[in-house]
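Trainee: One structure coming up, written as structure tokens, with questions to follow.
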Amino acid sequence: MAKICTFIGNKDVILNGKDRETLKNLITSAIIDYSATTFYCGNYGNLDLLCATILNCLKKDYDISVIFVTPYLDKSYLNRGQINYYTMIFYPGLEKVPPKYAIVERNKYMIDRSDIVIAGVYKQFGNAYKFLNYARSKNKVILSLNL
């Protein structure tokens with residue numbers, strides 16, 4: 001059965017060559033070992049952009065969809081990052097959510113609908129850490145970079 005995978009990480013995380021290879025291996029494991037065929041990405045921060053880059057390369061070898069789940073319908077936000085790496089852009093209908101909380105609600109949306117979460121969280125505080133704990137509370141499969 002096809003599964004959905006999403007990513008959680010500190011937006012300012014910097015990954016060295018070894019960490020990048022580990023991330024690629026985790027994504028590949030999500031595909032091969034956990035049957036992930038759909039990947040939700042946030043397109044915000046270093047981890048999101050690196051994941052989109054890796055997934056774009058893996059699309060050549062695997063039948064996967066890479067979906068940018070946007071918290072805003074703002075053109076400047078939609079044009080950031082590697083937008084051409086995505087199979088599609090999806091807006092989860094957050095019109096009633098104040099803009100200040102749109103990313104938080106979008107992240108919950110992605111976690112709630114995912115089976116697997118790949119985490120690049122190196123701080124034990126802040127939103128990424130809260131979302132990692134949220135994913136754990138929802139019994140998601142967690143694949144961690146162990147930063």
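Trainee: Quick check: the distance between the Cα centres of the range 41-60 and the range 61-120, to the nearest angstrom?
Mentor: 12 Å
Trainee: Could you give the length gained by full extension between Gln124 and Ile32, i.e. 0.36 nm per residue of separation minus their alpha carbon distance, to one decimal place?
Mentor: Working it through step by step, the gained length comes to 30.1 nm.
Trainee: Beta carbons within 10 angstrom, averaged per residue: use that to sort the peptides 82-91, 40-49, highest first.
Mentor: Listed from highest to lowest mean packing, they are 40-49, 82-91.
Trainee: Estimate the FRET efficiency between Asn25 and Asn84 by the formula 1/(1 + (r/R0)^6), using the beta-carbon distance for r and 25 Å for R0, to the nearest 0.05.
Mentor: After rounding, the FRET efficiency stands at 0.50.
Trainee: Still on this structure, I have one more. Treating the beta-carbon of each Lys and Arg as +1 and of each Asp and Glu as -1, no other charges, what is the dipole magnitude of the chain about its Cα centre, to the nearest 20 debye?
Mentor: My answer is approximately 300 debye.
Trainee: Straight-line reach from Lys18: which lysines have a Cα under 22 Å away, not including same-chain ones fewer than 8 places off?
Mentor: Lys59, Lys123
Trainee: Something else now. Hey, what number do you get for the chain at 222 nm if only DSSP H runs of n ≥ 4 count, each worth -39500 (n - 2.57), divided across all residues, to the nearest 500?
Mentor: One gets -12500 deg cm²/dmol as the mean residue ellipticity at 222 nm.
Trainee: Still on this structure: Of the peptides 68-78, 22-32, how do they stack up when ordered by the mean number of other Cβ atoms within 10 Å, highest first?
Mentor: Ranked by mean Cβ neighbours within 10 Å, highest first: 22-32, 68-78.
Trainee: What fraction of the Cα pairs in the range 89-147, stated in percent, has a spacing above 19 angstrom?
Mentor: Counting every Cα pair in the range 89-147, those more than 19 Å apart make up 33 percent.
Trainee: With every protein chain present, what is the per residue accessible area of the range 9-147 (1.4 Å probe, Å²)?
Mentor: Ligands and nucleic acids excluded, the result is 54 Å² per residue.
Trainee: Tell me whether the range 1-74 comes out rounded, prolate or oblate; compute the Cα gyration tensor, take square roots of the eigenvalues as a ≥ b ≥ c, and use a/c under 1.5 as the rounded threshold.
Mentor: oblate
Trainee: Accessible area of Glu95, 1.4 Å probe, to the nearest 10 Å²?
Mentor: Taking all protein chains as shown, Glu95 has close to 130 Å².
Trainee: Report, as a whole number in µm² per second, the diffusion coefficient that Stokes-Einstein gives for the chain at 37 °C and 0.692 mPa s using the Kirkwood radius over alpha carbon pairs.
Mentor: Reported coefficient: 216 µm²/s.
Trainee: Give me the number: length gained by fully extending Asp61 to Lys3, i.e. 0.36 nm times residue separation minus the C-alpha to C-alpha distance, one decimal in nm.
Mentor: So the extension gain works out to 19.1 nm.
Trainee: Treating the beta-carbon of each Lys and Arg as +1 and of each Asp and Glu as -1, no other charges, what is the dipole magnitude of the range 1-76 about its Cα centre, to the nearest 20 debye?
Mentor: Roughly 80 debye for the range 1-76.
Trainee: Ok, one more. Given springs between every Cα pair under 10 Å in a Gaussian network model of the chain, which of Val97, Val117, Val13 has the largest fluctuation?
Mentor: Val97
Trainee: Now, a different point. How far apart, in nm, are two points set 7 Å out from the Cα along the Cα-to-Cβ line at Glu95 and at Lys18?
Mentor: Once both label points are built, they end up 5.0 nm from each other.
Trainee: Let me ask something else about it. When all alpha-carbon pairs of the range 44-125 are counted, what percent fall beyond 18 Å?
Mentor: Tail fraction, whole percent: 48.
The values are calculated or read from the model by the stated rules, or taken from the named source; none is laboratory data. None of these values were measured; they are calculated from a predicted model. Cβ sites come from the backbone with ideal geometry, for glycine too, and all protein chains shown count toward neighbours. Remember, those area values only see protein heavy atoms, side chains included, never the ligands or the DNA or RNA. Shrake-Rupley method; radii C 1.70, N 1.55, O 1.52, S 1.80 Å.
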